[in-house]
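The values are calculated or read from the model by the stated rules, or taken from the named source; none is laboratory data. Keep in mind the model is a prediction, meaning the values are calculated, not measured. Please note: Cβ atoms are built from the backbone with ideal geometry, for glycine as well, and neighbour counts cover all protein chains shown. Ligands, DNA and RNA are excluded from the accessible area calculation, which covers all protein heavy atoms including side chains. Shrake-Rupley method; radii C 1.70, N 1.55, O 1.52, S 1.80 Å.
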Amino acid sequence: MPSRTERRARRLSPEALADAAVAALLAEAALTPKPGLVDQRGGGAHQDMDWALLRSSAQALRPGFLAMAEAGAQEGGSGDLPRLRARIGLAGRQAEAAMLAASGGINTHRGAIWALGLLVTAAAAWPGLTLRTLALRAGGLARIEDPAAPPSLSLPGGRVCARYGVGGARRQAIAGFPQVIDHGLPALQAARRRGVVEGLARLDALLAIMRQLDDTCLLARGGRRGLVLAQGGAAAVLRAGGCANREGWRRLLKLDQSLRRRRLSPGGAADLLAATLMLDGLAQAPAKEGLEWNATHSLTPQRPIMALGARWPV
């Protein structure tokens with residue numbers, strides 16, 4: 001059976017790609033329980049966010065993702081990548097403004113606009129690539145400087161990167177999203193092959209990303225100690241067999257409590273989980289020539305795995 005990274009993203013319209021990006025954000029937000037993150041139980045480590053706010057923010061981003069996909073479809077064959085980069089940079093800033101308007105000024109999805117926007121653009125510009133090659137093409141776009149972009153140190157993420165010597169979202173993109181391609185997607189597929197229910201498989205994918213990622217959201221809130229705590233906790237769940245294992249589930253709940261208590265949120269990992277779900281959804285498109293496909297079919301938000309308390313769901 002070929003791995004997810006060997007499968008190809010199908011040729012989809014810009015409208016379908018924009019829908020897929022929004023659906024991935026909604027699926028990530030709905031996944032419950034996520035350690036330290038906003039989910040259907042509440043705000044997690046955040047006092048200013050909840051699930052309803054994330055849904056409104058995600059839906060407000062559709063015009064921005066559509067503009068990026070249209071730019072990719074129109075410019076991809078021209079070879080003028082700096083012009084394409086400038087167009088999606090403008091669309092990204094407009095999407096961020098829409099996000100802030102929908103959220104009341106709260107940064108709900110800035111990192112996701114960057115990651116999913118690049119991937120949507122690449123999928124529109126160069127259809128039919130393997131997921132790994134698609135991610136590398138998105139990385140090539142990220143490598144091009146956007147002269148209209150604000151200075152890195154004017155943004156919270158840029159200041160965290162400078163302080164702690166990490167690459168952040170930009171370096172992750174330039175490298176071709178290795179946390180998605182080499183960790184998130186393989187963990188998702190491996191859990192499915194074991195017969196794990198979809199929600200738990202997605203949690204395992206999140207933890208596989210958390211275990212490796214130098215998450216600037218965690219660094220901003222908890223410094224190196226907070227990052228190590230989250231990475232170690234994620235690794236402990238996976239060593240115990242993942243979320244479908246009774247001991248793994250217990251460790252997941254322990255990690256969630258620990259991150260919430262310290263107000264630590266792995267927001268960078270959440271953005272990359274959304275990217276993982278979007279690419280996985282694109283790879284599931286049926287290969288029917290000339291037939292448009294709604295990529296949201298595989299991204300239906302899951303019902304909460306744990307409704308109340310610490311009941312093991314399996």
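Assorted remarks:
- So Val237, is it modelled with pLDDT of 95 or more, open to solvent by 70 Å² or more (accessible area, probe 1.4 Å) and either of a type in the set (A, V, I, L, M, F, W, C) or touching an Asp or Glu at 6+ places or on another chain (Cβ under 9 Å) (or both): no
- One residue stands out among those in region 255-278 that are under 30 Å from Leu17 (Cα atoms) and polar (S, T, N, Q): the one that is surrounded by the fewest Cβ atoms within 10 Å (Cβ to Cβ), which is Ser265.
- Search result, residues across region 104-131 that are buried (at least 24 other Cβ atoms within 10 Å of the Cβ) and assigned to a loop (DSSP other than H, G, I, E, B): Thr108, His109
- The residue of region 221-234 that is farthest from Arg202 (Cα to Cα), among those that are buried (at least 20 other Cβ atoms within 10 Å of the Cβ) and in contact (Cβ under 8 Å) with a residue 60 or more places away in the chain, is Arg221.
- Condition met for Val314 (aliphatic (A, V, I, L, M) and at pLDDT 95 or above): no
- Only one of the listed residues (Ala91, Ala60, Ala52, Ala97) is in contact (Cβ under 8 Å) with a residue 40 or more places away in the chain and not acidic (Asp, Glu). That residue is Ala60.
- Among the residues of region 12-29, the one identified as crowded, with 18+ Cβ neighbours inside 10 Å and either modelled with pLDDT under 90 or part of a loop (DSSP other than H, G, I, E, B) (or both) is Leu12.
- Here Leu81, Leu54, Leu25, Leu37 are screened, and the one residue that is under 21 Å from Leu134 (Cα atoms) and touching a His at 6+ places or on another chain (Cβ under 9 Å) is Leu25.
- Checking each residue in region 30-52 for being over 21 Å from Arg221 (Cα atoms), open to solvent by 10 Å² or more (accessible area, probe 1.4 Å) and in a helix (DSSP H, G or I) picks out only Ala52.
- Candidates Ala73, Ala86, Ala101: the one that is open to solvent by 60 Å² or more (accessible area, probe 1.4 Å), part of a helix (DSSP H, G or I) and over 24 Å from Leu272 (Cβ atoms) is Ala101.
- Members of region 240-254 that are open to solvent by 10 Å² or more (accessible area, probe 1.4 Å) and touching a helix residue (DSSP H, G or I) at 6+ places or on another chain (Cβ under 6 Å): Ala240, Gly241, Ala244, Arg251
- Residues that are under 21 Å from Pro82 (Cβ atoms) and over 17 Å from the mean Cα position of the chain (by Cα) within region 47-67 comprise just one, Ala67.
- Residue tally, condition open to solvent by 40 Å² or more (accessible area, probe 1.4 Å) and not small (Gly, Ala, Ser), over region 53-68: 4
- Exclusive hit being within 22 Å of Gln74 (Cβ to Cβ) and surrounded by fewer than 20 Cβ atoms within 10 Å (Cβ to Cβ), set Arg93, Arg163: Arg93
- Considered as a group, the residues in region 181-214 that are assigned to a helix (DSSP H, G or I) and among the acidic types (Asp, Glu) include one that is surrounded by the most Cβ atoms within 10 Å (Cβ to Cβ), and that residue is Asp204.
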